[in-house]
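First the structure, in the form of structure tokens, and then the observations on it.
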Amino acid sequence: PVVERADQLQRQILIGKQYFQQKFGVDVKIGWNPDSFGYNWQLPQIYKKSGIDYFVTQKLLWAHEFTTFPYKLFWWESPDGSRLLTYFPHDYGNPIDAVAMAKDLATYSVATGYPQTLHLYGVGDHGGGPTRSMLDNALRWQQPDLVYPRLELGTAQAFFDRLAPKAQSMNIPVWRNELYLEYHRGTYTSQARTKRGNRRSEHLLREAELWATTAHILRGAAYPYDLLERTWQRVLLAQFHDILPGSSIAWVHRDAEQAYAEVADVLNRVVATALTSLAGDGAERLAFNAAPHARAGVPALGAAAPEVASGASAADTLVAGLPR
């Protein structure tokens with residue numbers, strides 16, 4: 001149910017990768033989206049140009065009313081030709097169950113032509129990660145005297161590091177389309193204020209960066225990098241799966257709406273400061289147009305004296321001409 005612009009996805013990837021590099025010294029190469037409700041066809045292009053090589057999701061293996069997605073391992077190719085090696089594990093909240101895992105391995109080996117499977121274990125999104133009993137079971141089934149497929153605790157990156165060199169010579173199918181979750185089609189939200197706040201914040205962030213950058217280049221004004229970085233993080237946090245779709249509990253949406261109001265206040269002040277700097281001495285009334293097309297005689301991404309319609313004042317045109 002979440003529709004984001006490409007620049008928001010790119011910013012999510014940028015800030016996410018920066019976080020893992022700063023905190024763990026790791027460059028994330030996997031697009032990890034186990035619980036989203038379908039994916040746009042351009043996502044491989046966005047991921048590849050952002051330094052992501054692999055994609056993991058699971059939801060499309062859920063029951064469908066009419067069709068079943070045919071692959072578990074495939075190349076997902078966007079319209080520009082960008083490709084992601086994509087893997088659908090069985091689920092994203094599994095126990096360590098020896099019989100079920102052996103069955104999954106047998107099924108996946110036949111379906112993918114690859115003798116290993118990625119098993120995601122843990123409680124999932126209903127309380128936490130692995131339990132002590134899961135870890136105990138995993139150690140138990142690693143004992144060398146057991147006749148059982150080799151069980152190895154590791155990372156998704158290690159799985160792809162082994163798979164990727166072999167992928168070019170394997171007969172892996174290519175999927176050229178969106179990843180459409182038929183099971184959750186037509187999902188809307190009861191939390192319109194949350195969605196409106198997100199969209200308004202997206203517009204304001206773009207305008208704040210546009211005019212603050214312009215003021216910095218043309219007028220030498222200080223660029224509020226730290227302030228904008230914190231504001232971006234606050235907006236991106238609220239794009240979490242159960243906040244933006246409207247599927248969280250009530251207090252989450254109250255917090256989100258308060259956050260959006262505070263974000264709007266911060267960004268409006270950034271925009272006002274930048275426009276004041278750009279307007280100079282104010283001798284000439286100017287309208288600033290953040291839209292990618294001309295409006296009221298003001299060029300795209302520029303400023304000019306606004307056209308005054310018959311029966312309107314310059315102040316009226318100034319307000320009407322701004323994409324707010």
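Modelled label positions at residue 82 and residue 156, each set 7 Å beyond Cα in the direction of Cβ, lie 1.7 nm from each other. Under 5 Å between amide hydrogens, built in the peptide plane, is the criterion, and for residue 302 it picks out 289 among residues at least 5 positions away or on other chains.
At an R0 of 41 angstrom, the distance between the Cβ atoms of residue 147 and residue 35 translates into a FRET efficiency of 0.70. Of 49/195; 23/103; 72/195; 103/195; 48/103; 17/103, which ones are farther than 31 Å apart at the Cα? Table pairs above 31 Å Cα-Cα are 23/103; 72/195; 103/195; 48/103; 17/103. Counting 0.36 nm for each residue step from residue 218 to residue 133 and taking away their Cα separation leaves a gain of 24.4 nm. All Cα-Cα separations within the stretch 108-247 were binned at 10 Å from zero, giving a P(r) of 8, 19, 22, 24, 18, 7, 2, 0, each value a whole percent of the pairs.
Taking the C-alpha atoms only, the angle from helix 6-24 to the longest principal axis of the chain is near 60 degrees.
Mind listing which trypsin sites (Lys or Arg not before Pro) in the stretch 15-109 are in a DSSP loop and have 10 or fewer other Cβ atoms within 10 Å? Loop-located and lightly packed - none at all. Taking GluC sites (Glu not before Pro) as exposed when DSSP calls them loop and at most 12 other C-beta atoms lie within 10 angstrom, the chain has its longest site-free stretch at 153-283. Once the Cα-Cα distance is subtracted from the 0.36 nm per residue extended length, the residue 184 to residue 294 segment shows a gain of 35.7 nm.
Computed on the Cα atoms alone, the convex hull of the stretch 83-180 gives a volume of 130 cubic angstrom per residue.
Accessible area per residue for the chain is 56 Å², calculated with a 1.4 Å probe on protein heavy atoms, without ligands, DNA or RNA.
Extending 7 Å from the Cα toward the beta-carbon at both residue 164 and residue 261 defines two label points whose distance is 4.7 nm.
Each listed q (0.11, 0.19 Å⁻¹) maps to a log10 I(q)/I(0) for the stretch 173-300, found by the Debye formula over equal Cα scatterers with no solvent: -0.54, -1.04. Global dimensions of the stretch 37-144 from alpha-carbon coordinates: Rg and Dmax equal 16.0, 48 Å. If the Kirkwood radius is taken over C-alpha pairs of the chain, then at 4 °C and 1.567 mPa s the Stokes-Einstein diffusion coefficient equals 56 µm²/s. Can you figure out the FRET efficiency of residue 49 with residue 140, using R₀ = 35 Å and their beta-carbon distance, to the nearest 0.05? About 0.20, to the nearest 0.05.
Spin-label model, residue 64/residue 233: points 7 Å from Cα along the beta carbon direction are separated by 4.0 nm. Checking every one of the chymotrypsin sites (Phe, Trp or Tyr not before Pro) in the stretch 54-96 against DSSP loop status and a limit of 10 other Cβ atoms within 10 Å picks out 66. Ligands, DNA and RNA left out, the accessible area of the chain computed with a 1.4 Å probe is 55% carbon and sulfur. Quick check for you: which residues of the stretch 133-170 have the amide N under 15 Å from the point 7 Å beyond the Cα of residue 98 toward its beta carbon? Output list for this probe position: 134-152. Computed from Cα atoms, the angle from the helix 225-237 axis to the main principal axis of the chain rounds to 50 degrees.
The values are calculated or read from the model by the stated rules, or taken from the named source; none is laboratory data. Fair warning: this is a prediction, and the values are worked out from it, not measured in the lab. Glycine gets a Cβ as well: all are built from the backbone with ideal geometry, and neighbour counts include every protein chain shown. These accessible areas exclude ligands, DNA and RNA; they are computed on the full protein's heavy atoms, side chains included. Shrake-Rupley method; radii C 1.70, N 1.55, O 1.52, S 1.80 Å.
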